[in-house]
1. Collect the residues in region 144-160 that are touching a Leu at 6+ places or on another chain (Cβ under 8 Å) and either assigned to a helix (DSSP H, G or I) or among the basic types (Lys, Arg) (or both), keeping them in residue-number order.
2. Keeping to region 389-417, report how many residues are among the polar types (S, T, N, Q), in contact (Cβ under 8 Å) with a residue 24 or more places away in the chain and over 18 Å from PHE342 (Cβ atoms).
3. Could you tell me whether GLU291 is assigned by TED's automatic domain parsing to the domain that holds VAL279, under 32 Å from the mean Cα position of the chain (by Cα) and acidic (Asp, Glu)?
4. Given the criterion of a type in the set (Asp, Glu), surrounded by fewer than 17 Cβ atoms within 10 Å (Cβ to Cβ) and closer than 22 Å to ALA43 by Cβ, identify the matching residue among GLU135, GLU70, GLU126.
5. Consider VAL71 against the criteria (1) in a helix (DSSP H, G or I); (2) out of contact with any Phe, Trp or Tyr (no Cβ under 7 Å at 6 or more places or on another chain); (3) among the β-branched types (Val, Ile, Thr): it satisfies all of them except one. Which criterion is unmet?
6. Quick check on my filter: what residues within region 8-42 are farther than 17 Å from HIS81 by Cβ, touching a Phe, Trp or Tyr at 6+ places or on another chain (Cβ under 6 Å) and at pLDDT 90 or above?
7. Please enumerate the residues belonging to region 196-228 that are hydrophobic (A, V, I, L, M, F, W, C) and at pLDDT below 75.
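The values are calculated or read from the model by the stated rules, or taken from the named source; none is laboratory data. Everything numeric in this text was worked out from a predicted model, so none of it was measured. Every residue, glycine among them, receives a Cβ derived from its backbone with ideal geometry; neighbour counts consider all protein chains shown.
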Amino acid sequence: MSGVRRAAGRPKIGDLATSDVVVRLRTPEGRDEWLYCHSGVLAAGSRYFADRLSDDWPTCQILGSRYCVEVHCQELDLSPHVTALRLLYAAEPCSRFGVRGALGVLQAAAHLACPRVAAACVDYLESAPWDEADEEEILRTIPCLGPQYECVLARLRPIDPAPVAGILLSAFRHATSTRSPPQELKSAAQEQLEYMLTEDDDAPLLAFDDDIVRSQVKDCVAALLSRFSGFTSSILMEQGEAPLGHGDAEVQQELHSLVSDISWVCQILSKLEMMKCVVVYWIGVSSDVVEAVDKACGGIGCLKTRLKVIEVSAKVLEAIAFGNIVLPTEKRCGAVNVWIGFARRTKPLVGHPEHDDDDGDAEAPKINLDSEVWQSLESAIVSIVLTLPSNSQADILSDWLQSKHAKYPDLTEAFEVWCYRSKAAKRRLSFLSHANRVS
């Protein structure tokens, strides 16, 4: 009952009969609003009003015994200041007006030096969920209010490197695992790792320049490649020469998942300048990969997997073509021969429906690959061919010219360079013969 009596005796804002102060809120454009208030409530809750209502501050006495205190607001909207004044009358200030509303009230409370109201707004902002627009508004507003309010920015501050490394390594393990994580977690880990390591308007979240971190990344990649080798070996060990049928969907799905993971790993490792481990492995197993894919994915129903293999091969051969990874001549020659043949057989399948459709559904989805991937693979093959000895080039070009699929890859550039080099070889290297005679 005593609490009820106290509440009943508490003054109310706007009570003309009991108010002794008029607060006049004014905007830069001259718009104003008058509020009938109580000097005791204002002085107790606001240092601004405590100063303005003290005997040391000259005031203008109007409306009988009431004092008028003018408050000049920088914002055109007066409602946050009105709300802040109303909260001075509340037993416990409530700031649950949404993030934007609480920010406005916090600005008004900071302007009027109302610590209880400001604290209530800060507590709300720290605990409320934000969307992207809220975050941008908070970043524009909070730093202008003073360091005492920067605790609101805690969730937006840069994180220490140690936990970042731990999170990214854990995410990398999920991203390269085959069965342990749910597919949603695996996809999220791959997507976010790629985003965090991308150089855009912001710097990458973490540079893998620590030897321990790089070593753990290599271990994860090695485990993935080992699983892939084991799986392709099991396919090749199956009895029979014929490709697996369409009914063996589980094998085809597992193969597609593993190749997709390797393709994703190539994207990440290229950002980290760590492609060598994949390049050396992929070149070493190229023949087995092609044989396993041809066996498991004999029809166009598995074209997605074949195109993923093309993606990986394009990235691997590109790393060799640019000189980032140095391999012996025989390995480069063998890789080019293998992947020219695979690309030659795969390219004509592009554009067919994803699944064989007995009803002849013209709306069946068709599978394709980004034209840039085909172009990068072709460019890499041409560049690598031109690094080979002349006789090796001749063998590759002869096979290419005799093929019915000579349209892809287009080795015309390599053919032209080979013709020029071959014709001019004796003249250009004549100094060697002269040097040999002299010696």
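1. Let us first name the residues in region 144-160 that are touching a Leu at 6+ places or on another chain (Cβ under 8 Å), namely 145, 149, 152-153, 156.
Correct list: TYR149, VAL152, LEU153, LEU156.
2. We begin by selecting, within region 389-417, every residue among the polar types (S, T, N, Q); these are 390-393, 398, 402-403, 412.
From the residues that got through so far, the ones that are in contact (Cβ under 8 Å) with a residue 24 or more places away in the chain too are 390, 392-393, 403.
From what's left, over 18 Å from PHE342 (Cβ atoms): 390, 392-393.
Residues meeting the conditions: 3.
3. Details: assigned by TED's automatic domain parsing to the domain that holds VAL279: yes; under 32 Å from the mean Cα position of the chain (by Cα): no; acidic (Asp, Glu): yes.
No.
4. Of the residues listed, the single one that is of a type in the set (Asp, Glu), surrounded by fewer than 17 Cβ atoms within 10 Å (Cβ to Cβ) and closer than 22 Å to ALA43 by Cβ is GLU70.
5. (1)
6. Hits for region 8-42: nothing passes.
7. Quick first cut of region 196-228, residues hydrophobic (A, V, I, L, M, F, W, C) only: 196-197, 203, 205-208, 212-213, 217, 220-225, 228.
Selection gives ALA203, LEU205, LEU206, ALA207, PHE208.
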